[in-house]
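To keep things clear, I will list the structure first and then write my remarks on it.
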Amino acid sequence: MERALSTEEIKKERHQENEKALRDKLMSSSHQSSMAMKKVLTLVFVREPGRILLGMKKRGFGQGRWNGFGGKVEKGESITDGAKRELLEECGVTAKSLNEVGLINFEFVGDPVILEVHVFDTWDYMNSPVETEEMRPQWYGEKEVPFGEMWPDDEYWFPHMLNGKKFEAYYKFEGMDKILDSWIKEKTEQTS
């Protein structure tokens with residue numbers, strides 16, 4: 001004959017079942033895929049004293065906006081190599097070296113993918129910029145950056161980059177023009 005469980009024993013058993021269900025859920029493939037919903041991208045700005053090269057996006061994501069040059073990092077490619085490749089593909093410029101100046105995470109309402117964008121600038125490059133199927137490059141004075149024709153977040157983090165300050169930022173968008181939430185912080189260099 002089985003004995004009846006006490007209230008405390010029932011609570012303990014339910015707690016253990018809930019913990020097991022939570023562990024199972026955390027280990028499920030659906031949860032693992034949602035954890036891995038991050039796309040690593042690059043954004044490169046070619047610089048010269050007092051001016052910056054921007055590209056008018058002619059197709060795809062961000063079409064009709066001025067921006068830097070960049071895109072998705074390919075499998076097996078380092079972030080820096082991806083940035084150099086995208087710069088060459090989009091405007092014909094070869095970066096001899098890149099300086100990572102920022103990291104921005106973008107979230108768009110209704111899209112589970114977080115865009116992790118590594119922002120670089122280069123002062124050390126070869127080749128003159130050329131128009132490609134994707135981008136039309138144009139030089140702008142640092143005080144003439146066309147923020148009204150760019151992503152709305154650019155006006156907040158561009159000053160950090162233009163002033164040589166490293167930064168980290170987050171922007172949550174509703175659609176392509178409305179920022180719902182954001183933060184930005186300057187990063188200080190750690191010396192050992």
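Just so you know, all these numbers are worked out from the coordinates, no wet-lab data involved. The shown structure was predicted, so the numbers you read here are calculated from the model rather than taken from an experiment. Cβ sites come from the backbone with ideal geometry, for glycine too, and all protein chains shown count toward neighbours.
If you take all other residues with their beta carbon under 10 Å from the beta carbon of residue 162, and give Lys and Arg +1 and Asp and Glu -1, the sum is +1. For the range 139-192, the alpha-carbon radius of gyration amounts to 1.32 times the rule-of-thumb value 2.2 N^0.38 Å expected for a compact globular protein. Residues whose amide H comes within less than 5 Å of that of residue 167, counting only those at least five positions distant or on another chain, are 102, 103, 187 (H built at 1.01 Å from N in the peptide plane).
Among rounded, prolate and oblate, which fits the range 37-186 when a ≥ b ≥ c are the square roots of the eigenvalues of its C-alpha gyration tensor, a/c under 1.5 means rounded, and a/b larger than b/c means prolate? Here the range 37-186 falls in the rounded category.
Counting only the Cα atoms, the range 83-151 fills a convex hull of 131 Å³ per residue. Note on residue 144 and residue 177: the extension gain reaches 9.8 nm, defined as 0.36 nm multiplied by sequence separation minus the Cα-Cα distance. Seen from residue 182, the other residues with C-beta closer than 13 Å to its C-beta sum to a net charge of -4, counting Lys and Arg as +1 and Asp and Glu as -1.
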